[in-house]
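J.: Questions regarding the structure given below will be posed in turn.
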Amino acid sequence: MTGGTDILPSMKRKSVKPKYIVGVKKLTDMRYITYKKGDGLRIGATTTLREIIESEVIKDRYPIMIDACSRVASNQIRNVGTIGGNICLDNRCMYYNQDHIWWKSREDCFKRGGKQCYVVKRGKSCWALSMADTVPAFIALDARIKLINSSGEREIKLEDFYTGEGRSVNNIKEDEILMEIFIPEGNGISVFKKYAVRGAIDFAIVNTGVTMSMSDGKCKDIRIVVNGVSPSPERLKDTEEFLKDNNLSEDIKQILDSLDVEDTEALQKASEKIQKIIEIRHLSNHATPKHQ
Ligand SMILES: Cc1cc2nc3c(=O)[nH]c(=O)nc-3n(C[C@H](O)[C@H](O)[C@H](O)COP(=O)(O)OP(=O)(O)OC[C@H]3O[C@@H](n4cnc5c(N)ncnc54)[C@H](O)[C@@H]3O)c2cc1C
Ligand code: SF4
């Protein structure tokens with residue numbers, strides 16, 4: 001546990017009943033933000049969301065992180081909640097996140113050790129959703145994480161950290177802790193968007209991180225990540241592939257010119273393509289101008 005803003009409410013609801021709790025917040029060696037030109041940015045896992053929001057180097061180089069961290073919960077929670085806790089956040093489900101009194105009248109679901117799922121009837125796995133706000137931004141930035149235990153450390157891409165199953169959401173080992181997040185040097189534009197029912201404190205219905213670099217008016221490299229829609233954050237690789245090497249200004253015209261209006265299947269496909277272009281243009285228009 002670090003800030004305790006998520007694990008403590010879960011314990012009060014009796015959703016999790018840990019035998020022991022290890023507090024890592026006071027490990028000040030894990031509380032830092034360092035940037036080295038040509039290398040990238042390193043953030044210690046016990047750094048608070050507030051410290052990231054106030055970091056001048058992150059404001060200047062990775063503004064997408066400021067947008068993402070600023071949308072987590074409330075001021076009070078951002079003051080104590082940490083980046084490590086956000087990356088390791090448990091998945092959410094409207095059934096699982098009820099308290100133990102509510103659960104007294106029902107059989108447990110998979111995530112509580114039972115044999116069924118209330119969301120997907122006759123389902124065989126748990127579909128609780130991954131919702132952490134900083135994660136799509138970090139994956140869009142191609143972040144890597146460092147995990148340590150008494151026998152050493154390992155470094156993996158953040159996008160490989162999540163399992164796609166709502167019961168055990170990431171592949172951290174029992175004796176490991178998350179030590180550091182590393183973001184390589186990048187260039188281009190980046191944007192974070194979150195849609196939630198309420199503007200104030202609320203988990204995302206969907207949140208998105210996009211990074212894109214352009215060359216000669218064409219999309220050179222793009223990473224689009226959505227969260228809040230499945231048990232793991234998802235990269236939209238088909239859309240990325242479609243947009244790569246495309247001249248976003250010319251595409252819609254070309255699609256319309258080549259269209260056979262009698263062919264309903266072609267019309268459907270064209271409409272999907274145009275929708276993608278409009279979405280990405282919309283994101284670009286709202287993008288913070290750089291992460292470099
Ligand atoms: C009312 C409310 C609203 C919220 N709204 C949002 C929101 O809008 N968006 C959002 O993303 N989150 C939200 N949260 C969740 C949470 O507050 C944040 O995700 C926060 O960043 C968690 O950080 P923490 O340090 O408090 O984590 P903790 O509660 O301490 O830990 C969370 C989990 O991460 C694990 N963990 C923590 N640090 C490490 C580490 N270094 N190594 C290994 N495992 C670790 C813990 O074991 C635990 O499983 C909300 C919480 C509340 C109570
Ligand atoms: S999605 Fe997961 S947490 Fe939600 S009811 Fe199904 S098994 Fe339980």
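Read-outs: derived from the displayed coordinates by stated rules, not from any lab. These numbers come from a predicted model, not from an experiment. As a convention, Cβ positions derive from the backbone with ideal geometry for all residues, glycine included, and neighbour counts pool all protein chains shown.
J.: Can you give me the P(r) profile for the chain? Cα pairs, bins 10 angstrom wide beginning at 0, each as a whole percent.
T.: Calculated P(r), rounded to whole percents: 6, 25, 32, 22, 11, 4, 0.
J.: Calculate the dipole size of the chain relative to its Cα centre from +1 charges on Lys and Arg beta carbons and -1 charges on Asp and Glu beta carbons; express the result in debye to the nearest 20.
T.: Here the chain has a charge dipole of around 1560 debye.
J.: If each DSSP helix of 4+ residues adds -39,500 (n - 2.57) and the sum is divided by the residues in the chain, what number results at 222 nm, nearest 500 deg cm²/dmol?
T.: Calculated at 222 nm, the ellipticity per residue is -8000 deg cm²/dmol.
J.: Mind checking which of GLY209, GLY199, GLY84 has the largest fluctuation in a GNM of the chain, springs on alpha carbons under 10 Å?
T.: Looking only at GLY209, GLY199, GLY84, the biggest GNM fluctuation is shown by GLY199.
J.: How many angstrom lie between the C-alpha centres of segment 1-17 and segment 185-213?
T.: 26
J.: If packing is taken as the mean number of other Cβ atoms within 10 Å per residue, what is the order of 143-152, 222-231, highest first?
T.: Answer by packing, highest mean first, reads 222-231, 143-152.
J.: Using DSSP to define loop residues, name the GluC sites (Glu not before Pro) in segment 124-184 whose beta-carbon has at most 10 other beta-carbon atoms within 10 Å.
T.: Here the GluC sites (Glu not before Pro) that fit, given the DSSP loop and packing criteria, are GLU174.
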